[in-house]
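Structure first, commentary second.
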Amino acid sequence: MKIRYKIVIGIIVSLVAFNSIFSVFFIFYQNKNEHARLNAKIRDTNLLIEKTTADALWNIDKNRIELGLKSFLMDSEISGIDLNDALGINNFSYRKEEFTNFYLTPSPRILRMENEVIGKITVYYNDSVIQEKQNSFLVVMAVITLSMILLSTLVLMRISNKILSPLEVLVDGLKRVDEGDYSHRIHVKTKDEFKLIETYFNRMSRKIQKEFEDRIKREEELERAKLAAEKASNAKGYFLSSMSHEIRTPLTVIIGLIEIMEFTNLDEEQKKYLKRLSSSSAALLDLINEVLDFSRIESGKIDLYPQELSLEDLLESVVDSFILAAQAKNLEIYYFLDNNVPEMIISDRGRLRQILMNLISNAIKFTKEGEIYIIIKKIFEKERKIQLEFSISDTGIGIPKDSMDDIFLNYNRGQSNYTKTQSGTGLGLPIVKKLVELLGGSISVESEENQGSTFYFTINAEIPTLENRNSGNICLEGSRALLVDDNPTHLAILRTMLREEKIDVIDIPDAASAINFLRKGKDVQFILTDFQMPHINGLEFSRMVKEDLQITNIPIIVYSAQTHDIDRSQNPSISEIITKPIKKSKLIDVIKNTIQCEKIHIWKDMKKENKPEIIMDKQKFTILLAEDNDMNRETTSILLRNEGYSVESAENGKMAIQIYKKNRPSLVLMDIQMPEMDGYEATRAIRELEKGTEFHVPIIALTAFALKITQEEAKKSGMDDFIAKPVIPSELFKRIAYHLSIS
Ligand code: ADP
């Protein structure tokens, strides 16, 4: 409701209320006064009548009585008079015709003459006069009230034009500004405070309008800058991938030539230089891979390829690739999967591997002595969705508190002297962080300087529906093992692995105490012992058990990081040797074999099972190498020949097809980018030629563009495999051998 209506209603209500209350009080007060006056008048009148009529009544002078009484009837408030003598003979009664309501005096007055009752007088009064007075008062009050209402409404109308109209203008102005019309200005006609409000309002809306226009301008500029930045970023990505392509090509030649030179006659110094050359080119390759990866992640070009994978296999293969590096620094490396971690999950194997490789290589790089352990735990599982936590702990140099937040930022390398001596780009952890986020998780680090670091990361994965889990090892259940290891972490990991299989474990941290334990005739089904232990090592301990204690019926399994250190023939007391780090399934298999237990439903890696035996007479196989770069062609040809294959080479796709038609090679290594006819087209042509025949020559794509899209394109054109340049000779040979053996 508008203010002006509110004010009008308010005034009317208060006027009516005030006047009504006033009238009620006034009428009440006036009524009281009037009745008091009337009573006094009645008393006076009675006295006067007594005085004027007593004598006439005594003398029974009717004329005088009539005259006297009628003169009293002149009074408008007296409506009748009765006069009776004491004997009741002479009665006089006068009434005014117009009055019907008679107001009786409180009591008739007795008339006396010289103390003798001579009669009685009764006067009738009427109060209609009082009524009339009240009515006219009410009429006056009503008129006053109405006029006040009228007046105040008129005044208000006048005032509202002065006060409320500018207020309405202001309200309208605010509404327009609120709706985004910042160009709106208000104008009021008065010259009072509203003029000031007008000035401030207009000043304010002018400012807002300017701010708004500036903001729009800034946003436009920002949008332009963003587009330019995106363009630059795309250009950077394109530049990086082109550069990496350009660098990969000569790098292939360098790596190949280094490999070839290793087979030539070199003196010691040359061998030393060659080794450095080899490690530098490997580092360069890592660098290029990281830069390429980083640019792809930055531009959001990373796609995930979820697949079923065995976590234990993945960990084993990752850790395997670090065994030598860890041994070189005398570091122990363990891994452990919580019992409730599923054997198989669905995730991107390549990306998970990349994350683990990065974190483990950092752990080894920044640890001078001690151990590295990797633990996988399940955080939650719901309807086949699972969250896993990986932790990679080391006992290395640690990370200073102030750089802990920065290590996940781009190009951030630690500032310590030790860090500076280590190779690295500072891109590893930012890449890891992005990859972890791609896998639906997060990464964090806990570290204490000179104590070590633990990197935690989580991933979200799925559990495949048809999972063939290890269904338990009934024969091991309830058996008792003696576990001897001086390293408490390793002891704890093995103890947990064994207890998960319901094996009763007695763990003892040194061989001497273990001997004492056995000497007391304690019963165990098998002994599991570390090789490297202070004072008495694993071998000596086994010998003591078998020879000194004469316990021959308990199998002893020894584990060591360097199994080649142990000569089985010289140590008949040992039943089995396991290489560290110990994979649980391998450990359980070995234990079951040693204690002659039936294998019960252990999950098998189908890919491993299907792996063909690769033993062949390589000379029989001709490899067609299609490659336009002379240096690359030459290097790869030499490498292949050194490996024992016959090689034919082609400079482009067209030549490759001709050679294929003529010589029917056993396998084709096909470069993708070639003049005249590229690798895709040549492959399509070869597959066309094979149509309707039984032939299917394995074609492996070789390309410096290590992008997934290239891989997919290669597959579509009919290629069987894909190798990214620079080609690592050992990898190339493995792939060739594999394809030859299955074709
Ligand atoms: P770099 O290629 O330099 O190793 P990263 O991104 O992998 O790059 O690591 C960034 C920095 O984080 C390293 O230079 C190092 O200072 C620190 N850092 C990473 N991992 C560890 C670790 N396990 N122990 C100590 N410092 C580490």
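The values are calculated or read from the model by the stated rules, or taken from the named source; none is laboratory data. Predicted model, so just to flag it, every value in this text is computed and none were measured. Here the Cβ positions follow ideal geometry from the backbone for every residue, glycine too, while neighbour counts run over all protein chains shown.
Based on what the data block shows, is Ile392 touching a strand residue (DSSP E or B) at 6+ places or on another chain (Cβ under 6 Å) and within 13 Å of the ligand (Cβ to nearest atom)? Criteria met by Ile392. Residues that are of a type in the set (Gly, Ala, Ser) and in contact with a strand residue (DSSP E or B) (Cβ under 6 Å, 6 or more places away or on another chain), at least 1 per element: which strands (runs of 3 or more DSSP E) completely within the stretch 279-384 meet that? Strands (runs of 3 or more DSSP E) meeting the threshold: 306-310, 344-348.
In the condition set (1) in the same structural domain as Leu388 (by TED's automatic domain parsing); (2) in contact (Cβ under 8 Å) with a residue 60 or more places away in the chain; (3) of a type outside the set (D, E, K, R); (4) surrounded by 18 or more Cβ atoms within 10 Å (Cβ to Cβ), Gln327 is compliant with all but (4).
The requirement of being within 15 Å of the ligand (Cβ to nearest atom), out of contact with any Pro (no Cβ under 8 Å at 6 or more places or on another chain), among the β-branched types (Val, Ile, Thr) and without any contact (Cβ under 8 Å) to a residue 60 or more places away in the chain is satisfied by Ile360. Here the stretch 180-217 is the region considered, the condition is being basic (Lys, Arg) and loosely packed, with under 12 Cβ neighbours inside 10 Å, and the residue that is farthest from the chain's Cα centre (by Cα) is Lys191.
The single condition among (1) farther than 25 Å from Glu290 by Cβ; (2) at pLDDT below 90; (3) of a type in the set (A, V, I, L, M, F, W, C) that Met677 does not meet is (2).
Taking the conditions exactly as written (surrounded by fewer than 18 Cβ atoms within 10 Å (Cβ to Cβ) and touching a residue at least 24 places away in the same chain (Cβ under 8 Å)), does Phe294 satisfy them or not? Judged against the criteria, Phe294 is not a match. When the stretch 655-665 is filtered for residues that are without any contact (Cβ under 8 Å) to a residue 40 or more places away in the chain, buried (at least 16 other Cβ atoms within 10 Å of the Cβ) and over 54 Å from the mean Cα position of the chain (by Cα), the ones remaining, listed by number, are Met655, Ile657, Ile659, Tyr660. Take the conditions (1) under 19 Å from Ile728 (Cα atoms); (2) outside any helix (DSSP H, G or I); Leu266 misses just one of them, which is (1).
The numbered conditions (1) more than 9 Å from the ligand (Cβ to nearest atom); (2) of a type outside the set (Lys, Arg); (3) closer than 24 Å to Leu311 by Cβ; (4) surrounded by fewer than 21 Cβ atoms within 10 Å (Cβ to Cβ) are all true for Asp405 except (3).
Hey, which of the strands (runs of 3 or more DSSP E) in the stretch 488-566, taking only ones fully inside, have at least 2 residues that are in contact with a Gly (Cβ under 9 Å, 6 or more places away or on another chain) and among the aliphatic types (A, V, I, L, M)?
On the way: elements: 504-508, 526-530, 556-560.
It comes to 556-560.
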